[in-house]
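Written out below as structure tokens is the structure these notes cover.
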Amino acid sequence: QVELVELGGGVVQAGGSLRLSCAATRRTFSIYNMAWFRQSPGKEREFVARISRYGGTIDYADFVEGRFAISRDNAKNMLNLQMNNLKPENTAVYYCGAVAGNFEEGVVTTTKNVNYWGKGTLVTVSS
């Protein structure tokens, strides 16, 4: 069992920045590919970004538009998402997920690929 806890959510004005973190409670963090998802009320949870076990593969959803950066520190069992130039439409609960399976080139990571979820952290971007 992998327990994940997201940190860093909050309220920020449009154009501002937030740094989200996801802390794992076990020292098996590096065996998992990791991903960030987001979800708004009444909507499906959707992919934001993913990073492979040692950072060799990084991919983002199109809406990121170069504004976010995913990273990880396996020695600290930490996953991060630096979010810059935030927009009101980025408002959502952001979740980190651990993926045991391998990423495939050209194949998107979906919620069904996630083995463990954090409880989420709310990001609110005001106009």
statement: THR109 fails exactly one of (1) open to solvent by less than 60 Å² (accessible area, probe 1.4 Å); (2) part of a strand (DSSP E or B); (3) touching a residue at least 40 places away in the same chain (Cβ under 8 Å), namely (2)
query: Taking LYS43 and the conditions (1) buried (at least 22 other Cβ atoms within 10 Å of the Cβ); (2) in a loop (DSSP other than H, G, I, E, B), which numbered condition does it fall short on, given that it satisfies the others?
result: (1)
query: So which residues in the stretch 24-39 are of a type outside the set (Phe, Trp, Tyr), modelled with pLDDT of 95 or more and over 14 Å from PHE103 (Cβ atoms), if there are any at all?
result: ARG38, GLN39
- request: Would you point out the residue of the stretch 89-104, among those that are under 11 Å from the mean Cα position of the chain (by Cα) and not hydrophobic (A, V, I, L, M, F, W, C), that is most open to solvent (accessible area, probe 1.4 Å)?
  value: TYR95
query: Restricted to the stretch 48-70, and to residues that are open to solvent by 40 Å² or more (accessible area, probe 1.4 Å) and assigned to a strand (DSSP E or B), which residue is nearest to ALA14 (Cα to Cα)?
result: ALA69
message: Looking only at the stretch 73-88, count every residue that is closer than 15 Å to ALA24 by Cα and open to solvent by less than 50 Å² (accessible area, probe 1.4 Å) and tell me the total.
response: 6
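The values are calculated or read from the model by the stated rules, or taken from the named source; none is laboratory data. Note that the structure is a prediction, hence the values are computed from the model and not measured. Glycine also receives a Cβ, built like all others from the backbone with ideal geometry; neighbour counts cover every protein chain displayed. Quick note on the areas: whole protein, heavy atoms, side chains included, nothing else; ligands and nucleic acids left out. Shrake-Rupley method; radii C 1.70, N 1.55, O 1.52, S 1.80 Å.
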